[in-house]
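Read the figures in this text as sums done on the coordinates, not as results from a lab. Here the structure is a predicted model, which means the values were calculated and not measured.
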There are 6 protein chains.
Amino acid sequence: MMDTQELYDRGEKLRRKIFGNEAIDKRMNALGEFGAPLEHMINANAYGDVWSRTALPLKTKSLAVLGINAALNRPAEFRVHVQGALANGCTPEEIREVLLLLAIYAGLPAAIQAHHIAYEVLNEKK
Amino acid sequence: MMDTQELYDRGEKLRRKIFGNEAIDKRMNALGEFGAPLEHMINANAYGDVWSRTALPLKTKSLAVLGINAALNRPAEFRVHVQGALANGCTPEEIREVLLLLAIYAGLPAAIQAHHIAYEVLNEKK
Amino acid sequence: MMDTQELYDRGEKLRRKIFGNEAIDKRMNALGEFGAPLEHMINANAYGDVWSRTALPLKTKSLAVLGINAALNRPAEFRVHVQGALANGCTPEEIREVLLLLAIYAGLPAAIQAHHIAYEVLNEKK
Amino acid sequence: MMDTQELYDRGEKLRRKIFGNEAIDKRMNALGEFGAPLEHMINANAYGDVWSRTALPLKTKSLAVLGINAALNRPAEFRVHVQGALANGCTPEEIREVLLLLAIYAGLPAAIQAHHIAYEVLNEKK
Amino acid sequence: MMDTQELYDRGEKLRRKIFGNEAIDKRMNALGEFGAPLEHMINANAYGDVWSRTALPLKTKSLAVLGINAALNRPAEFRVHVQGALANGCTPEEIREVLLLLAIYAGLPAAIQAHHIAYEVLNEKK
Amino acid sequence: MMDTQELYDRGEKLRRKIFGNEAIDKRMNALGEFGAPLEHMINANAYGDVWSRTALPLKTKSLAVLGINAALNRPAEFRVHVQGALANGCTPEEIREVLLLLAIYAGLPAAIQAHHIAYEVLNEKK
C-alpha cells in the first residue's frame, strides 16, 4: 500500500506534467491554509489515484472529463480540462465531437457554452 | 446536402447495428404516433448526424456519452449506452475508468449508481 | 392582506379542482403529521399564491411547469403535472411541443423520459 | 421530405425574425469554422424544425423555454430567450409568472437569478 | 393563524438581523416593482416561515443551506449564505467541513468553486 | 502520514458503526471485483478521511449531507443518509427542518421526494 504522501506527490507531479508548473503553482497557492485539505484531495485522490490509473490513455480520459464537466455545468473546470485535453494530445476536432454529443444528450445551451470556452482556449494557444 | 429522410435512414441503420434489431424495434414502437417527431430527432439528429461523424471512433464516443449521461443523472439512458459501449468494443475495465473519473468530478453517489447499472448490464451479458 | 389560512384554503380548493378530490385526499394524507408543514407550503404558497395569480391562464402555466419539472429531472412531479395540464385544457399535441423544445434545450434523454411518462398518462386517460 | 439545407434556411430566417439580424450575425460568426456543425444544429434542428412547428404559438413556446433554461441553470441562454419572449409578444407580467412558478418548482435561487436577468433585459429595452 | 403581512414583517426583520440593513435595503430595492412578488416570497416564505422555525439553530441551518446551494450550482446564493453562516456563528473551519463533504458527494468542481467563494468572503471580513 | 490501508480500515470501521454490519457487508459485496476501486474511495476518502474529521459533529454532517444529496437528486444515497442521520442522533424534527429549507432553495418537488423517503425510513424504524 502507498502512503497518502506518495499518492499526493505522484498526483502533484502528474498535474504539473499536464498543466505546467505556472498554472499548478497558482492553483495550489490560491486558497492558502483554508484550501489545504481540498488540495490534498485533488492531488492524492484525483491525480495520484484516478488519473494515474492506466486502463485508459490520458487522451480518452480528457474527453470523458470534458463531457462530464460540461454536463455538470461547471465552466471553470471545463476550461481547465480543455487545456488538459490539448496537453494530453486531443485535437480540436476530437474535442468538438464531444461537444456535439453534448448537444444531443445535454441540450444546445450546454453545447453552446462549451463551444465558446473551448474556442477561447484554442485561440489562446495559437 | 442530404435530405432528412437519408439522415433518418442512416441513423436508424447505425442504431440497429449498435443495439440490435430487437431493441430498436421495441424502442421505435414504444411511443406510437405521439413519439414520431422524437424518433425522428433520435434517428436523424443523434445517430444520422452526430454519431455518424468520423473524427472520433465509436468506442471513444461511447465512453464520453457514458460520462455525460451519468453526470446528467439519466440512469435509463446510461443503461442503454453501457450496452452500446460494449457493442462498440469497450471493455468493462475501460467503462469502469470513466465511472471512477465520475466519482471525482460528479461525486460518489453518481458513481455508485453508475457502477450498479454497469454491473447489472455486464452480468446480463455473461 | 389575507391570513395564511385563507391562502391555504384557496390553494387546497384549486388543487382539488385541477387534480380531483381522490388524488388530493391521498396526497394530503400520505405523509401524516411529518408532512404537515410541507402540505402547508404546497397549498398556501404553490396553489393559494402562485397558481392563483391571474396574469397567465392555467393552461399556459401547466405547459411552463411541465418544462421546468422535466428539465429538473423530477419524473414524479412531471407525471402529476401532465394530469394537471390535461385538466387545464392542454391537448396532447400541445404537451408534446413542450417535450420537443425540451429535447433541444435539455437534451434527448430528458425528452425521452418525459415522452414515456406523458404517453402513459395519456393512455390511462383513454 | 425537406433537405437539411432547406431546414437550415428556414431556421435561420426564423431566428433573424425573432432576434434581429445584428444579434444573429454576431452569434453565427462568433465561433468560426469550429462552430459550423453547432450552428447547423441550432438553425436546422432548433429553429428550422422544433420552433417552426405550429401546434403552439411562439409566445407560449417562449414561456416554456424560459422555464426550461432557468431550471437548467443556463443564464446566457435564458437572457437570449427573454429577448425572444418580448419579440414574440410576451408581456413583462407574463414572463414574471413563469419566474414565480420557477420559485416554487426550482427554488428561490433559480428565481432570483432569473428575475435579475429579466429585469436587466426589460430595462435595456426601455 | 398569522396573516401574510405578519409573516413578511417577521421574515424581513430576521433577514436584516442576519445580513445587515445595508445588504437587505440593496436587495429589496434591486428589482423594483417587477420583483415585489418575489420579495414577498423571500421575506414571508423563506425567512418569515422556514428560517423562523426553531427545531434547528440558525447555525446548523446555515451549514445545510450552504451544502444545498453549492450542490445546486448557485454561486451567488452560496456567497450570500457564507456571509449568513458567519453572522449565525459558524467558524471558517465548520464551513470548510461542509465543503469537504461536498467534494465527496457533489464532486471536486463543486467543492473548488465553493472554496473560492468562501475564501473570498472570509478575506473580505478580515 | 497514514498509508491508504489505514485510511480504508478507519473508514470501514466508521461506516460499520453508523450503518451496521449487515448493511455494510451487503454494500461492500454488491459490486464484486468490478466495484473494488469504488469501495476503496468510499472507505478511504469518504469515511476514512472526510467523515473522520472532527471539526463538526457527525450529527451536523448528516444534516448537511442530507441537504446535498436531496439537492443533487440522488434518492438512493439520500435514503442511506436518513438512516445515518438517525444513527448519528438526529431527530425526525431536525431532519424535517433540512427538508423545509430544501423546499425553499431547491423547490417543492425535491422536498416532496425527500419527505417521502424520510417518512418511509422513519416508519421502518418504528
Those helices of chain B passing the 30 Å axial Cα length cut-off and the mean Kyte-Doolittle cut-off of -0.5 (DSSP H runs only) are none
Rg(Cα) / (2.2 N^0.38 Å) computed for the protein assembly as shown, rounded to two decimals:
0.92
Cα-based Lys pair tally, chain F, threshold under 16 Å, eight or more apart or on separate chains:
4
Mind jotting down the distance between the C-alpha centroids of segment C:104-126 and segment F:65-118, whole Å?
27
For segment E:53-126, what is the per residue volume of the convex hull drawn over the alpha-carbon atoms, in cubic angstrom?
80
For chain B, what does the relative contact order come out to in percent, with C-alpha contacts under 8 Å and a separation of six or more?
24
Of the candidates E:V98, E:V80, E:V50, which one comes out as most mobile in a Gaussian network treatment of chain E with C-alpha springs shorter than 10 Å?
E:V50
Quick one: the Cα spread of segment D:1-83 along its three principal axes, in angstroms, biggest first?
30, 30, 22
Rule-of-thumb Rg ratio for segment B:29-76 [Cα; 2.2 N^0.38 Å; N residues]
1.35
